[in-house]
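Here's the structure we're looking at; comments come further down.
What follows is calculated from the coordinates using simple rules that are stated; it is not laboratory data. Computed from a predicted model, the values in this text were never measured in an experiment. So basically every Cβ, Gly included, is an ideal-geometry build from the backbone, and we count neighbours across all protein chains shown.
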Amino acid sequence: MTEDYPSELHGLLKRIAPGWPELLEVGAGWYPLLARLDATLSVIAPNYVVQQVKSKFGALCFYADPSDDSSHFDEAFTAAVRAAEWESTETCEACGAPARQYVIRMWVSTLCQPHAATMRDGALGSDPPPLAV
């Protein structure tokens, strides 16, 4: 599965804990954000472990621990994750451009204007236009 992602994400994918799928459930627009987060976390906690990476309510949800000991807490590690999650709320999931959150067919997505229009007009057919969040 690693080969399905750009090489800059292979290190992050190798950190996924046993039993969790090697899967990033986010759009390609967030890949650079994840690569930067991985580089930062690798310095803070060289042995950090990832459980899951996904989009939830139009924001990045990055579930990870600074080590394989899930009781270990690292304030800098947590702050870096939260900063990336916050950045995702202003970054298009599809292309990485500046974006805002839309509710489209009861699904919150963070999209730039062109991708929001595509989702509204192309992918959704006759559904109503998105509401700004």
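Checking each residue in the stretch 23-52 for being over 16 Å from Cys92 (Cβ atoms) and in contact with a Cys (Cβ under 8 Å, 6 or more places away or on another chain) picks out only Gln52. At least 2 residues being under 15 Å from the mean Cα position of the chain (by Cα) and closer than 21 Å to Leu13 by Cα is the threshold, and among the strands (runs of 3 or more DSSP E) wholly inside the stretch 27-117 those reaching it are 49-56, 59-65.
Being crowded, with 18+ Cβ neighbours inside 10 Å and not hydrophobic (A, V, I, L, M, F, W, C): is that true of Gly58 here?
On the way: crowded, with 18+ Cβ neighbours inside 10 Å: yes; not hydrophobic (A, V, I, L, M, F, W, C): yes.
Judged against the criteria, Gly58 is a match.
For the stretch 67-85, a tally of residues being hydrophobic (A, V, I, L, M, F, W, C) and touching a residue at least 24 places away in the same chain (Cβ under 8 Å) returns 5.
Residue count for the stretch 68-80, restricted to those that are loosely packed, with under 15 Cβ neighbours inside 10 Å, under 22 Å from Leu24 (Cβ atoms) and either of a type in the set (Asp, Glu) or in contact with an Asp or Glu (Cβ under 9 Å, 6 or more places away or on another chain) (or both): 1. Confirm whether Asp65 is charged (D, E, K, R), more than 21 Å from Thr110 (Cα to Cα) and surrounded by fewer than 18 Cβ atoms within 10 Å (Cβ to Cβ). No, not satisfied. Within the stretch 12-22, the only residue that satisfies the criterion of being exposed (fewer than 13 other Cβ atoms within 10 Å of the Cβ) and under 24 Å from Ala94 (Cβ atoms) is Pro21.
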